[in-house]
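A.B. asks: Dumping the structure here so I can ask a few things about it.
The values are calculated or read from the model by the stated rules, or taken from the named source; none is laboratory data. Note that the structure is a prediction, hence the values are computed from the model and not measured. With ideal geometry, Cβ positions are generated from the backbone for all residues, glycine too; neighbour counts draw on all protein chains shown.
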Amino acid sequence: MTIPTGNAEFITTAAKPSGYPPPGPPEVAFAGRSNVGKSSLINTLTKRNKLVRVSGTPGRTQHINFFSIHHDTLRLVDLPGYGYAKVPMAVKAGWRPMVEAYLGGRDTLAAVVVILDIRREPTADDLMLLDWLRALQITILIAVTKADKLSNNQQASRLAKLKPALAPFDHSPTLFSATTRLGREKLWERICDAAGV
């Protein structure tokens, strides 16, 4: 399998369906709570350091961003992070309808990569998103990030602890590190399989 990482390009940003690009190739969306490493993960996947802006301020991404991969054979979709306490209430209130409109109404959506921090237990927001995606019968790919923060033994132990809670949504969560690129090829293979590219 050739992993289609070439020619990653920003397409557009949107807050509602009227701003989405016209439906085309399969789309794989990325979701996770604020500051979980979502932007770094997408940049690592595409081998583009600045495709997605990495911010030190959680809650910075407040729209849905679309990216074209490999001459538009696949699109990656960066969803706003959730669960950050200091985001203004108006922004929080707008998150759910914006994301629900995309996830519930985008026919070209092939899968959602849900990103969790290996050092943290899944939050109520994480589990609510996973439950909702499962109810919509959307393919869920879980990426457990920041693996480089733990030793190999600690990684194995944490993953074993997390798996019972995650198994109903994804039987094979991918360990990932933006720093070491651990899991990059595996996650790409799972994305390509889900998208059929």
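A.B. asks: Just to be sure I understand, how many residues within the range 139-157 are under 13 Å from SER177 (Cβ atoms) and surrounded by 15 or more Cβ atoms within 10 Å (Cβ to Cβ)?
C.D. replies: Number satisfying all stated conditions: 8.
A.B. asks: I'd like the residue in the range 16-45 that is hydroxyl-bearing (Ser, Thr, Tyr), in a helix (DSSP H, G or I) and buried (at least 19 other Cβ atoms within 10 Å of the Cβ) and, out of all such residues, is nearest to the chain's Cα centre (by Cα).
C.D. replies: Looking at residues that are hydroxyl-bearing (Ser, Thr, Tyr), in a helix (DSSP H, G or I) and buried (at least 19 other Cβ atoms within 10 Å of the Cβ), I get SER39.
A.B. asks: Let me ask something additional. Pairs, please: C-beta under 7 Å, at least 6 apart or cross-chain, first residue at pLDDT below 70 and in the range 49-75, second among the β-branched types (Val, Ile, Thr) and in a loop (DSSP other than H, G, I, E, B)?
C.D. replies: GLY59/VAL87
A.B. asks: Between ARG190, ARG119, ARG184, which is surrounded by fewer than 18 Cβ atoms within 10 Å (Cβ to Cβ) and either over 23 Å from PHE66 (Cβ atoms) or of a type in the set (D, E, K, R) (or both)?
C.D. replies: From the options ARG190, ARG119, ARG184, the qualifying one is ARG119.
A.B. asks: From ALA85, ALA93, ALA101, which residue is of a type in the set (Gly, Ala, Ser) and at pLDDT 85 or above?
C.D. replies: Answer to the check: ALA101.
A.B. asks: Then there's this: Checking the condition at pLDDT 95 or above, among the hydrophobic types (A, V, I, L, M, F, W, C) and within 16 Å of the chain's Cα centre (by Cα), which residue from ALA178, ALA194 passes?
C.D. replies: Just a single option satisfies the conditions, and that option is ALA194.
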